[in-house]
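Working notes, structure below.
The values are calculated or read from the model by the stated rules, or taken from the named source; none is laboratory data. Everything quoted here is computed from the prediction, not taken from an experiment. Quick reminder, even Gly has a Cβ in these numbers, built from the backbone with ideal geometry, and neighbours come from all protein chains shown. For accessibility, only protein heavy atoms count, side chains too; no ligands or nucleic acids. Shrake-Rupley method; radii C 1.70, N 1.55, O 1.52, S 1.80 Å.
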Amino acid sequence: MTLIGVPGRSGGIAVVRRLAGHLARGLVMILVVTTISFLIIRNIPGDPMAAKYEKLVEQGMSPEAAQQAVNVLYGFMPTGSMWQQYLDYMKGLAHFDLGQSLTVPGTGVGTVLMSAAKWTLIPVLAGTLLSFLVGIILGVYAAIKRQGKLGDLLAISGSLLHGVPQYVLALLLGAIFTTLIPILPAGGTADIMFEPGLNAGYIGSLIQHATLPVVTYALASYGGWILAMKSSVVTVLGDDFILAAELRGMKRSIIFRYIARNAILPLFTILALSLGMLFGGAIFIERIFNYPGLGLMLIDSITGRDYALMGGAFLLITVAIIIANIAADLLYTVIDPRVRSGGEAA
Amino acid sequence: MSVTDQRAPGVRISDLSVVYRTQAGELPAVRGVDLELMPGTITGVVGESGSGKSTLALSMLNAVQPPGRISSGSVEIDGLGDVVALRGDDLRKTRGRHVGYVFQAAQNSLNPLKTIGKQLLDLGRSHDVDDLPGLVKEARSLLDRMGLDGARVLDSYQHELSGGMRQRVGIMLALVLNAHVVVLDEPTTALDMITQATILRIIREVHEERGLTTLVITHDLGVVAEIADRLAVMYGGRLVEQGPTREVLGAPRHPYTRGLLQAIPRLVGDIDEARALPGRPPTLSTVPPDGCVFRERCAVRMDVCETGEPPVLTIGPRVVACHAAGDGESQKETVTTGPTRGEEQA
């Protein structure tokens, strides 16, 4: 009649050990991904100089002038055998040196990434969190009212928005709000008439320009959240402990909290992953609204065969997803007692 | 241990019918059940799956889940009135406070994300208990009484407890608000034999100590034989026989009860002596609308069984609904006072 061992109560050490394991695994994953992406990047047909040359000629430069401009790049081209290049690259990475960008000559990859990241993080983060909040709240509602008209309507709106591709949504919103009812700017990050800095005009312009990308991103991901939350809530509603709480005469507000907390749990993994994915940028949306974020930069680096920048962008995405995963896992040890005690749940 | 400060209430279920809404219309799950729970007794309800016994149990708290509903009848509890007529907050406060409900052990009747203690406090707050420390103390002493380390269990999560421990927690939660009517739905199903015996002993002891009126729902005649003072047998949504446990099991009058008893294998004697009842129990849609519900499988079937409702015969302390049970020594008489709890100890 005594308690079977209550495991994992000395949480601190367990969490540290867990974290150490995660970091070790993360490093191995980074190594593997970097190697694979290095091999793929270096084996893409074409090279940075040819790409640049073609681009310049297309822009109307004379072949001679273009050749001259391209020759400047020569000093930045990696040299030696593929194996040697790989070793050099990894050695650089070990010192947090991502190399030099070729499309933006003379600039470190880190700097290029940073300047693009700020135009992705803020809008995409805002869009993700906005859609998450709206999606889960309406998802709970859609689940509870799933037999009514409004619940149906919400679920349908979710499926519909989830099914429409991001670029269709972006083009549609762009057409409506910049052409039909021209109240929002069509692209860019801010009006050039404003001096960048902490002044009301500039910030206002920033917000104006960010509105369409944020709203598009939020609408595009809202469908996924509402559907996921709805099905999660429906599952929890069928759980015995909800009926049990009702039969014990628990207050509605308390039962609602039981439902919400249990239902939202699986969604945190998806949220953490999508926060990691956000470093990949929103390629279509950035392209359509000419927003110089990571997605647009990634495209440019690929068309320009900018080896170092591509590698840096892939590495950033990899690291972000690994960190997001670790964060999600640690978060679970806080919010889910079954994970905390090492998973020997019945 | 709390002192029994009030007399155990009696419960009268009269003409109770429950229907489930299906595509084929409303189908009866429980039909015209009359059952009286004498104050201070344990009544066992046995039946196969689908016989309506769990629906009957939920009716005791007016908690039949949609698409089901109580279509007629009443559940009168002394001091509370007709539970079927209760609505809203009155109904919620009755549940848990006056009528305790214990779930099947295998079901998870506890919120996996909260400790038992926190759920106990939620229960207390739901029922406006002012003295929460007192409630915790009461819970701990109840758990100690049932052979657990109360303080430790209150500090545990559901997944840290075994099935038998969870079931004792379920019993504690049903009793801690001092409910005097307790409904146990399959309290020992899915527990091993030793734990089953322990739980049954605990139910019996706590029942006597606290002066409860108890209803035990089970498919296991052994459980009923062990603890119930009175026994009611359900088949196809109807109560086919009821009476003092020993009399019903010793000399069953309904052919279904006889069949159930014959189906139990004995420890001694030929294994072939156990004879399974031929056929299968009716489902919601195959319950015949007229005549006897059991006639398809009945060994003593007569012509009248096809068309006539079986008469409800009251023979001494027993009630039998069968056309064939009326012959022999029995007289049709109405008994106004049922057996009391002293009877079984005789």
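Some notes on this structure:
- Residues of region B:98-115 satisfying the condition of being within 20 Å of B:I203 (Cα to Cα) and more than 7 Å from chain A (Cβ to nearest Cβ): B:H98, B:V99, B:G100, B:V102, B:Q104, B:A105, B:A106
- Screening the candidates B:V136, B:V181 for the property of being within 23 Å of B:D220 (Cβ to Cβ), more than 10 Å from every other protein chain (Cβ to nearest Cβ) and not basic (K, R) yields one hit, B:V181.
- Odd one out for B:A29 among (1) within 26 Å of B:C292 (Cα to Cα); (2) within 14 Å of chain A (Cβ to nearest Cβ); (3) assigned to a strand (DSSP E or B): (2)
- Candidate set: region A:234-263, residues that are out of contact with any helix residue (DSSP H, G or I) (no Cβ under 6 Å at 6 or more places or on another chain) and aliphatic (A, V, I, L, M); chosen: the one nearest to B:H127 (Cα to Cα): A:A244
- Tallying residues that are of a type in the set (V, I, T) and closer than 18 Å to A:G224 by Cβ within region A:151-199 yields 3.
- When A:R252, A:R248 are screened for being open to solvent by 30 Å² or more (accessible area, probe 1.4 Å) and either of a type in the set (A, V, I, L, M) or within 14 Å of chain B (Cβ to nearest Cβ) (or both), only A:R252 passes.
- Residues of region A:47-64 classified as farther than 23 Å from A:M310 by Cβ and either open to solvent by 60 Å² or more (accessible area, probe 1.4 Å) or modelled with pLDDT under 80 (or both), total: 4
- Taking the criterion of being outside any helix (DSSP H, G or I) and of a type in the set (G, A, S), the residues of region A:218-271 that qualify are A:G238, A:G249.
- Where a residue in region B:298-314 is of a type in the set (A, V, I, L, M, F, W, C) and its partner, wherever it lies, is loosely packed, with under 13 Cβ neighbours inside 10 Å, with Cβ under 7 Å and at least six apart: B:L313/B:K332
- Test result for B:V83, under 30 Å from B:V320 (Cβ atoms), in contact (Cβ under 8 Å) with a residue 60 or more places away in the chain and among the β-branched types (V, I, T): no
- Yes/no for A:F289 being within 14 Å of chain B (Cβ to nearest Cβ), crowded, with 20+ Cβ neighbours inside 10 Å and not aliphatic (A, V, I, L, M): no
- Residue among B:L86, B:L27, B:L61, B:L56 that is touching a Ser or Thr at 6+ places or on another chain (Cβ under 8 Å) and closer than 27 Å to B:E209 by Cα: B:L61
- Filtered by the rule that a residue be among the hydrophobic types (A, V, I, L, M, F, W, C) and loosely packed, with under 15 Cβ neighbours inside 10 Å, region A:136-163 gives A:I137, A:L150, A:L153, A:I156, A:L160.
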